[in-house]
Each structure stands twice: as structure tokens, then as C-alpha cells.
1. Name the residue that is surrounded by the most Cβ atoms within 10 Å (Cβ to Cβ), counting only residues in segment 30-74 that are out of contact with any strand residue (DSSP E or B) (no Cβ under 9 Å at 6 or more places or on another chain) and acidic (D, E).
2. Somewhere in segment 53-70, is a residue closer than 20 Å to N127 by Cα and in contact with a helix residue (DSSP H, G or I) (Cβ under 7 Å, 6 or more places away or on another chain)?
3. Tell me yes or no: at least one residue of segment 56-68 is acidic (D, E), outside any strand (DSSP E or B) and modelled with pLDDT of 95 or more.
4. So I137 passes all but one of these: (1) over 23 Å from P17 (Cβ atoms); (2) in contact (Cβ under 8 Å) with a residue 40 or more places away in the chain. Which condition number does it fail?
5. Could you pull out the residue among E27, E18 that is acidic (D, E), in contact (Cβ under 8 Å) with a residue 12 or more places away in the chain, within 24 Å of S129 (Cα to Cα) and surrounded by 19 or more Cβ atoms within 10 Å (Cβ to Cβ)?
6. If I ask for residues that are part of a loop (DSSP other than H, G, I, E, B) and either of a type in the set (V, I, T) or over 12 Å from the mean Cα position of the chain (by Cα) (or both), which ones from segment 75-86 would you list?
7. Restricting attention to segment 32-48, which residues are among the hydrophobic types (A, V, I, L, M, F, W, C) and part of a helix (DSSP H, G or I)?
8. For a quick check of your reading: which strands (runs of 3 or more DSSP E) sit entirely within segment 95-134 and have at least 2 residues that are hydroxyl-bearing (S, T, Y) and surrounded by 15 or more Cβ atoms within 10 Å (Cβ to Cβ)?
Amino acid sequence: MQEKTYEINDATLAILPESLNKSRIMEEDFEYEVNQNPLSLINYSCKYFGSTYEGRRDGAREILLSKYKLPIMIEDSQNLVFLPTESPENNDCIWLALNKIKKIDKVEASEPKTSIEFLNGQKLIVNISYKSLQNQILRASRLDSILRNRKNQEKL
């Protein structure tokens, strides 16, 4: 019997790698451990909502005129935009839900770290510089804004 795969949803805050083929999923009220890496979960969720990771990545590449660490619109009617903390192919990449981030703060440490506070008050410290995470959030916001504006233009 095949294990049920996790679909990213409106309660998903972050997807964190635990080991090579294991992820921890932070939701607003629960945490799960699943036997898939974060990129597999992103790809599965894109397919679940009728696209592919590659298609969403190519679309983001065209819209943002960029190639690296692209945010991904998992599903547009719920504004499920996720941004990677580093190259998605890297085993240490964490995926964060754009619309669930309340604020970010620098963490004083010997290596670059940033504290993320989600809208529900949960916190997560990630191994990424404040400036890099801020840039990732801006890129994801830009993708979200452009796609939402295009969608609204279609309604006119």
C-alpha cells in the first residue's frame, strides 16, 4: 500500500528537510513528518493543482527574468506561493509560504541566520542571511502581484 502524499494547503507554513528523503512540514496547528524530500512535495503539490514544478518554474523564470532560487506559485486561487531559502536542488533547501510570513529579523550568529515569525506567532530560524531572505520575499511578492494583476485583467 502506497503512503499518502502531503498536499500543500492554506495552513502550510514551511517545508523543511529532515534527511535525504524525509521532510518536516510546519502547519498553523500541526507538524508532520513525511517520507519525501521538500522538492518532491513541491512537485507533487503543483501536479495536484494541475501543473508541474517545471512548468511553474519556467513561468516564474519568464515573469521575473531570473533563473535562480525562483519562487513557485503552487496554486493561484489560494495564493499558495512558496519561496526557497537556497537552490531547490540542494538537500538543505527550506520552502516557506509567502503569505504566512509576518516578519523577519536578523539573528546574531557566527553564520548568517534569520528568524521568521509567521502570522500565527510560530517562529523558525533558518540558515540564510537577512538580506538574502528579504530578497527572496520581494521576488515572491513580485511574482504573486504580477500573476494576480494578470488574473484581474482577464476579469475585465
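The values are calculated or read from the model by the stated rules, or taken from the named source; none is laboratory data. Here the structure is a predicted model, which is why all the values come from computation and not from measurement. All Cβ positions, even for glycine, are placed from backbone atoms using ideal geometry, and neighbour counts span all protein chains on display.
1. D58
2. yes
3. The answer is yes, given that some residue of segment 56-68 is acidic (D, E), outside any strand (DSSP E or B) and modelled with pLDDT of 95 or more.
4. Exception for I137: condition (1).
5. Selected residue: E27, the only one of E27, E18 that is acidic (D, E), in contact (Cβ under 8 Å) with a residue 12 or more places away in the chain, within 24 Å of S129 (Cα to Cα) and surrounded by 19 or more Cβ atoms within 10 Å (Cβ to Cβ).
6. Hits for segment 75-86 are D76, S77, Q78, T85.
7. Those that are among the hydrophobic types (A, V, I, L, M, F, W, C) and part of a helix (DSSP H, G or I): L39, L41, I42, C46.
8. Counting at least 2 such residues, we get 113-118.
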